[in-house]
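K.L.:
Can you read through this structure? Questions will come right after.
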Amino acid sequence: MVNRSYIGLGSNIEDRFSYINKAIQLLNNSGDCFVEKISSIYESKPYGYKEQNYFLNCAVEISTSLNLLELLKLTKQTEQMIGRKTREKWGPREVDIDILFFNDIVYTDDKLTIPHNDVLNRDFVLVPLCEIAPDFVHPVVKKKICQLSKEKLESNIIRKLEFNFN
């Protein structure tokens with residue numbers, strides 16, 4: 001069975017473009033995932049803990065043979081391979097890879113909540129998602145991603161950047 005997942009990526013340490021690009025390459029080359037679409041890169045103000053560098057964020061659509069928990073394991077391994085260090089919640093990070101949606105399931109356990117529990121509050125997630133999945137319907141609120149991205153949100157996005165992934 002082929003599953004579809006939307007993943008958010010972010011980085012605010014050192015060469016932010018490089019970390020995001022490496023994460024996309026590792027996911028795509030894992031043998032279990034194929035990156036179908038990549039959004040533009042957005043520079044954004046930090047969310048949560050505000051006293052840190054600006055982030056670069058994007059979203060990707062993947063198809064995968066992995067189940068949800070296997071994909072979570074792969075994303076955490078990918079973060080470690082890139083060199084992510086454990087810091088305070090919402091603090092600086094080399095790369096952050098979040099599973100935002102997995103098919104249209106709703107799932108919660110002690111490690112993971114799908115849809116991602118804060119996706120509705122983050123313009124730096126919804127705007128890139130709208131680029132690559134304008135007709136995807138949030139399985140809980142039953143609205144299209146692009147409709148959600150136009151609702152009143154705290155504005156964290158500073159600007160859209162040009163970057164070609166390789």
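K.L.:
If you scan segment 110-140, which residues turn out to be surrounded by 14 or more Cβ atoms within 10 Å (Cβ to Cβ) and over 25 Å from Phe163 (Cβ atoms)?
P.N.:
Leu112, Thr113, Ile114, Pro115, Leu120, Val137, His138, Pro139
K.L.:
With (1) within 13 Å of the chain's Cα centre (by Cα); (2) assigned to a helix (DSSP H, G or I); (3) not aliphatic (A, V, I, L, M) as the list, and His116 as the residue in question, which single condition is left unmet?
P.N.:
Condition not satisfied by His116: (2).
K.L.:
Within segment 93-121, take every residue that is of a type in the set (D, E, K, R) and touching a strand residue (DSSP E or B) at 6+ places or on another chain (Cβ under 8 Å) and give me the one that is farthest from Glu79 (Cα to Cα).
P.N.:
This residue is Asp104.
K.L.:
Kindly provide the set of residues from segment 41-52 that are at pLDDT 95 or above and surrounded by fewer than 20 Cβ atoms within 10 Å (Cβ to Cβ), ordered by number.
P.N.:
Result: Glu43, single match.
K.L.:
Can you name every residue in segment 19-45 that is part of a strand (DSSP E or B) and farther than 16 Å from Val2 by Cα?
P.N.:
Answer for segment 19-45, where residues must be part of a strand (DSSP E or B) and farther than 16 Å from Val2 by Cα: Ile38, Ile41, Tyr42, Glu43, Ser44.
K.L.:
What single numbered condition from (1) of a type outside the set (Val, Ile, Thr); (2) farther than 23 Å from Asn12 by Cβ; (3) not in a loop (DSSP other than H, G, I, E, B) fails to hold for Asp98?
P.N.:
Asp98 satisfies every listed condition except (2).
K.L.:
State the number of residues belonging to segment 84-113 that are farther than 17 Å from Tyr49 by Cα and either hydrophobic (A, V, I, L, M, F, W, C) or under 13 Å from the mean Cα position of the chain (by Cα) (or both).
P.N.:
Qualifying residue count, segment 84-113: 9.
K.L.:
Quick one: in segment 151-162, which of the residues that are part of a loop (DSSP other than H, G, I, E, B) and surrounded by 14 or more Cβ atoms within 10 Å (Cβ to Cβ) is farthest from the chain's Cα centre (by Cα)?
P.N.:
Leu153
Here is a yes/no grid of residues against (1) buried (at least 18 other Cβ atoms within 10 Å of the Cβ); (2) at pLDDT below 95; (3) within 19 Å of Leu26 (Cα to Cα); (4) of a type outside the set (A, V, I, L, M):
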| site | (1), (2), (3), (4) |
| --- | --- |
| Ser39 | yes, no, yes, yes |
| Asn57 | yes, no, yes, yes |
| Gln77 | no, no, yes, yes |
| Val95 | yes, no, yes, no |
| Asn103 | no, no, no, yes |
| Val106 | no, no, no, no |
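The values are calculated or read from the model by the stated rules, or taken from the named source; none is laboratory data. Because the structure is predicted, anything quoted here is derived from the model rather than measured. Cβ coordinates were reconstructed from backbone atoms using ideal geometry, including for glycine residues, and neighbour counts include every protein chain displayed.
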